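Peer 1: Supplied in structure tokens, the structure appears directly below.
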Amino acid sequence: MARPASTRPTEVELQILRILWELGPSPVREIHKRLKADRGTNYSTTVKMLAVMLDKDLVHRDERAQPHVYRAGISRKNAGRLMLGELIEKVYEGSAMTLVLQALSSSQATKEERDEIRRLLDQMEGKSP
């Protein structure tokens, strides 16, 4: 039995989404120009990737515009939530705390990052506005 199609962006799809998040709505040629510079991708591959992403609802296409203009169908924040949620479930057995502890122990957080973490925790506990 075939595996159901994933709505989670692949590495290349995520790269296209980053391009669209940075540039905003763009024609294929502009997306391809960036993708080619980063990956050496040919034009037909870029078109095919956008078609797949359209089917997955990761991008939307304005067919009234000539040439057609593509825009991200998912925000950076929502893509992050989706991917982070899957990571927490698959790797950390649903424990967000384990993920946070692992992230903090794997790299040295700056004072600013630690202050922001404290602020978020205080906010979650209702200690600050």
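The values are calculated or read from the model by the stated rules, or taken from the named source; none is laboratory data. Owing to the predicted nature of the structure, the values given are computational and were not obtained by experimental measurement. So basically every Cβ, Gly included, is an ideal-geometry build from the backbone, and we count neighbours across all protein chains shown. Remember, those area values only see protein heavy atoms, side chains included, never the ligands or the DNA or RNA. Shrake-Rupley method; radii C 1.70, N 1.55, O 1.52, S 1.80 Å.
Peer 1: Just give me the residues in the range 51-90 being assigned to a helix (DSSP H, G or I) and over 23 Å from R18 (Cβ atoms), in sequence order.
Peer 2: If we filter the range 51-90 for residues that are assigned to a helix (DSSP H, G or I), which is where we start, we get 51-55, 76-90.
Listed by number, the list holds a single entry, E89.
Peer 1: Considering the range 83-109 alone, what residues qualify as being among the acidic types (D, E) and open to solvent by 70 Å² or more (accessible area, probe 1.4 Å)?
Peer 2: Residues of the range 83-109 that are among the acidic types (D, E), as a first pass: 86, 89, 93.
Scanning the range 83-109 gives E89, E93.
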